[in-house]
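Reviewing the structure listed below.
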Amino acid sequence: MSRFPFFNRSNTIHSEASRKPYHHLDQNHLDRSGSLSKFYGSMESVKSAGNSIRGRVVKKLCNLFESSSKESSKSSPSPSSSEEPVRSSKSSTKPGSEPFTLFRLSNAEDRVVVYLTSLRGIRRTFEDCNAVRMILKGFRIWVDERDVSMDREYRKELQCVLGEENVALPQVFIKGKYVGGANVIKDLFECGELGRVLEGIPKTKPGFVCETCGDVRFMPCDNCSGSMKVFDEDEGLLKRCLECNENGLIRCPSCCY
């Protein structure tokens with residue numbers, strides 16, 4: 001026993017209750033495995049739900065093109081088919097299914113039309129446009145690229161077809177039918193259905209690059225040399241050139257048809 005009881009206080013201050021194990025605590029505070037399993041279980045359910053939604057959208061797109069090919073093989077085109085409206089009505093949907101709106105682009109039944117932008121102002125938009133271009137280029141098909149930053153008439157055309165003023169880019173039409181943006185093209189490509197959808201589109205030679213425009217799809221106007229002004233000899237005045245757009249450009253006559 002020490003002379004100083006102060007140093008022996010460890011033998012006196014700890015009671016019997018303090019030496020008992022922590023059985024009095026709630027097991028929910030100690031065992032966290034159950035809560036973690038619930039968390040990861042909920043995450044897996046959300047992930048599976050997202051995959052199922054994406055699968056349903058891809059399946060609807062594939063069924064759309066399959067049904068159109070069957071109908072075209074059974075029935076011949078009528079003379080009044082060219083007079084159809086640019087945008088068609090919404091297709092019928094069952095309760096619980098997702099709405100799927102069908103838009104049509106006139107005079108584009110034999111090609112793939114992509115509305116995009118070459119400007120780098122918004123990085124995400126520019127990357128999505130390039131991703132769609134690279135995916136479609138890998139199938140060696142000719143793509144009708146309509147750059148809305150080079151010609152504002154393309155933006156007006158897209159807004160008229162979709163019926164919306166603010167339209168995100170890119171937007172893809174295959175065989176005249178509206179498919180969607182970059183996410184839809186990536187989903188079709190990842191599941192292996194994009195090649196089947198693109199069947200019948202004219203192919204290009206490997207490594208083909210237009211020698212006239214360098215795959216830019218635009219070139220300076222021949223009438224005004226890109227100045228957008230022409231001299232009227234009768235009136236002796238400079239007038240606006242009517243053969244080019246607001247940037248003094250025209251579509252490439254070699255690769256754009």
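At-a-glance table
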quantity: Unmet requirement for Lys177, which otherwise passes all of (1) within 18 Å of Pro202 (Cα to Cα); (2) in contact with a helix residue (DSSP H, G or I) (Cβ under 6 Å, 6 or more places away or on another chain); calculated: (2)
quantity: Count - residues of segment 101-158 that are among the charged types (D, E, K, R) and at positive phi; calculated: 1
quantity: Checking Arg152 against (1) open to solvent by 80 Å² or more (accessible area, probe 1.4 Å); (2) free of Cβ contacts under 8 Å to residues at least 40 places away in the same chain; (3) within 21 Å of Ile250 (Cβ to Cβ), the condition it does not meet; calculated: (2)
quantity: Segment 232-257 residues that are assigned to a loop (DSSP other than H, G, I, E, B), paired with ones that are among the aromatic types (Phe, Trp, Tyr) and open to solvent by less than 50 Å² (accessible area, probe 1.4 Å) (beta carbon under 7 Å, 6 or more apart); calculated: Cys252/Phe218
quantity: Verdict on Val161 being within 23 Å of Arg123 (Cα to Cα), at pLDDT below 95 and open to solvent by less than 70 Å² (accessible area, probe 1.4 Å); calculated: no
quantity: Residue among Leu158, Leu162 that alone is among the aliphatic types (A, V, I, L, M) and closer than 21 Å to Asn247 by Cβ; calculated: Leu158
quantity: Residues located in segment 205-257, provided they are on the phi > 0 side of the Ramachandran plot and either loosely packed, with under 11 Cβ neighbours inside 10 Å or aliphatic (A, V, I, L, M) (or both); calculated: Gly207, Met228, Gly236
quantity: Which listed residue is outside any loop (DSSP other than H, G, I, E, B), in contact (Cβ under 8 Å) with a residue 12 or more places away in the chain, within 24 Å of Trp142 (Cβ to Cβ) and open to solvent by 30 Å² or more (accessible area, probe 1.4 Å), from Phe189, Phe173; calculated: Phe189
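The values are calculated or read from the model by the stated rules, or taken from the named source; none is laboratory data. The structure presented is a predicted model; accordingly, all values stated were derived computationally and were not measured. Virtual Cβ from ideal backbone geometry, glycine too; neighbours counted across all protein chains shown. The area values use the complete protein model at the heavy-atom level, side chains included, leaving out ligands, DNA and RNA. Shrake-Rupley method; radii C 1.70, N 1.55, O 1.52, S 1.80 Å.
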